[in-house]
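Down below is the structure, laid out as structure tokens.
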């Protein structure tokens with residue numbers, strides 16, 4: 001697998017089906033472990049990075065290529081740097097955090113992820129980038145190697161009174177999975193269907209966006225067709241008014257489990 005992914009095209013919003021118990025509840029910030037999987041609580045850090053970008057006026061500009069942030073979802077690299085065409089553009093992105101946005105050239109720039117401590121080259125990719133895009137470069141580990149994927153983030157904010165959420169699945173070892181996004185108290189074994197179903201694939205996948213009301217939700221990942229086969233449990237994800245969020249699933253050290261994070 002090359003680790004390259006074409007940017008996701010414009011979002012498709014859909015309403016969640018009734019009866020899924022999508023009621024706002026109390027915020028919690030740390031997930032619990034399920035069979036040694038873990039929730040990587042990135043949301044607060046990434047929200048700060050977004051706010052910092054806005055404060056600095058770091059929007060995208062067609063004359064300056066695109067803007068991109070680095071997401072360190074690796075298992076073993078405490079800090080990462082990012083180079084674009086051999087020029088350092090991001091430094092010191094700690095494990096389980098996202099950097100601020102940085103400018104990168106359009107076209108097919110060489111994006112290189114290095115270990116910030118040792119300087120070792122971990123991954124190189126050359127995605128197709130259009131001027132004005134806003135992107136995230138996800139760095140994660142699979143099979144003992146660092147891989148990368150591009151996530152398009154230039155999604156239009158949804159209407160007032162709503163938020164949108166999608167799933168980006170890089171946990172290819174997990175096979176076919178169901179993802180439930182519900183009120184935290186809901187028993188998912190009583191539900192007729194999940195919020196998302198992702199079939200087994202050797203490539204990363206992204207769902208369409210689903211629309212929710214602002215509030216706090218619980219994200220659970222199970223084996224496909226078996227709500228009792230719990231792979232990951234994120235007990236509280238807060239969606240603010242007009243927020244756009246991405247649940248990122250990445251591999252564990254082995255097996256069919258998944259690590260999870262929330263990019264906002």
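Relative contact order for the stretch 61-153: 33 percent, from Cα pairs under 8 Å spaced at least 6 residues apart, divided by residue count. Would you please classify the overall shape of the stretch 119-264 from the alpha carbon gyration tensor, given that a ≥ b ≥ c denote the square roots of the eigenvalues, rounded means a/c under 1.5, and beyond that prolate means a/b larger than b/c while oblate covers the rest? Verdict is oblate for the stretch 119-264. The slack between residue 176 and residue 211, meaning 0.36 nm per residue of separation minus the straight C-alpha distance, is 10.3 nm.
Each label was represented as a point 7 Å from its Cα along the Cα-to-Cβ direction; for residue 120 and residue 228 these points are 4.3 nm apart. Between rounded, prolate and oblate, where does the stretch 61-153 land on the alpha carbon gyration tensor, with a ≥ b ≥ c its root eigenvalues, rounded for a/c under 1.5, else prolate if a/b exceeds b/c? Prolate shape, in that a/c is at least 1.5 and a/b is the bigger ratio. Residues 203, 99, arranged from fewest to most other Cβ atoms within 10 angstrom of their Cβ, appear as 203, 99. How many angstrom lie between the Cα centre of the stretch 117-184 and the Cα centre of the stretch 192-230? Here the two parts' Cα centres lie 15 Å apart.
The overall shape of the stretch 188-239, judged from the alpha-carbon gyration tensor, is oblate: a/c is not under 1.5, and a/b is no greater than b/c.
At full extension, residue 76 and residue 200 could sit 42.1 nm farther apart than now, given 0.36 nm per residue minus the alpha carbon distance.
Computed extension length for residue 253-residue 187: 20.9 nm, one decimal, from 0.36 nm per residue of separation with the Cα-Cα distance subtracted.
Coordinate-derived values only; no laboratory data. Worth saying up front: this structure is predicted, and the values here are computed from it rather than measured. Note that each Cβ is placed from the backbone with ideal geometry, even for glycine, and that neighbours are counted across all protein chains shown.
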